[in-house]
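First the structure, in the form of structure tokens, and then the observations on it.
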Amino acid sequence: MHYSCEEQIILNKFKPWRKRIHEIIFGYETHAGKLFDVILMFAIILSVIVVMLESVNRINLYYGFELRSIEWVFTVLFTVEYFGRIISSPKPIKYIFSFMGIVDLLSIIPTYFSLFIEGAQLLLIIRFVRLVRVFRILKLSRYIRGARMLGEALKDSKHKIIVFFSSIIIIVVIMGTLMYIIEHGDSGFDSIPRSIYWAIVTITTVGYGDIAPTTVLGQTVAAFLMIVGYAIIAVPTGIVTSEMMRADGRKKNPICNECGKLSSINMPNYCYNCGSKM
């Protein structure tokens, strides 16, 4: 991990056992750290599966005690890991109040609450935040670089995406209102909001089937809306992909700050147009 000079000085003052804990928990570049991350990832996924199985009444009826016992094992392990992170962190308070520190805490407290508060079992749903912790393990540079490129692409294309979704909203409102006028009666289009709901379901090609047009004109409009739905599915993907390719191109061929031209791959340090240093 990359630490500030102050944090590095604190780490150097750690006793050997604290350094060892830090290398295992935070040192994802070491062999022990990689092994710890793999074990932690499987533990997180398995603990979430246990929560899912507990929600199935039939399984919970026969294996409820076993599932709760397994959950307690995971909770104890995650508790040990949480305090291990506090002990081995160069700045414990900073970790405790960081986003991942709060996620780590939220992933263990519901089980403890179930001991003291009746009905706290409902808080077990919070344990699904453990899935967020999986991203802690995906620290390899290729994931970080890919996420950064995606974030930049979304930021650069936000105006196009806003225009696109605004257009979709206008289309579903108009089509929903039109279907209310055409199908108003016993077919389920008994209000404009409900007709707009049908338009959203249809244009996204979900098609629940709880509302369906019965007139020829209504079915024609529905068919048209389905075709439009297939056509618009690729639009956001195309917008974001285009921006990602453009961002990747800018990294390979950066723009000169002096003349605004793209630099050449053969001259990465200087602008081929004006000769300024890149």
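Readers should treat all values here as calculations from the given coordinates under stated rules, not as data from a laboratory. Computed from a predicted model, the values in this text were never measured in an experiment. For neighbour counting, all protein chains shown are included, and Cβ atoms are generated from backbone atoms with ideal geometry for every residue, glycine included.
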Legend entry - DSSP-assigned coil residues among GluC sites (Glu not before Pro) in segment 19-78, each with at most 11 further Cβ atoms within 10 Å: Glu29
Legend entry - Label-to-label distance, nm, for residues given as Glu66 and Phe164 (7 Å Cα→Cβ offset): 4.7
Legend entry - Average projected area [Cα convex hull, segment 151-252], square nanometres: 6.8
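Tell me, what is the FRET efficiency for Phe113 and Lys15 to the nearest 0.05, using R0 = 35 angstrom and their Cβ-Cβ distance as r? Could you put the intermediate results ahead of the total?
Details: r = 34 Å, r/R0 = 0.97.
It comes to 0.55.
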Inset, instruction - Compute the distance in nm between two label points, each set 7 Å from the Cα along the Cα-to-Cβ direction, one at Ala231 and one at Ser191. - result: 3.2
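Just to verify a number: FRET efficiency for Thr30 and Ile181, C-beta to C-beta distance, R0 = 51 Å, to 0.05? Intermediate values should be presented prior to the final figure.
On the way: r = 68 Å, r/R0 = 1.33.
Here the calculated transfer efficiency is 0.15.
Compute the FRET efficiency between Gln219 and Met41 as 1/(1 + (r/R0)^6), taking r as their Cβ-Cβ distance and R0 = 41 Å, and round to the nearest 0.05. Provide the component values of the computation, followed by the final result.
On the way: r = 50 Å, r/R0 = 1.21.
Working from the Cβ atoms, E equals 0.25.
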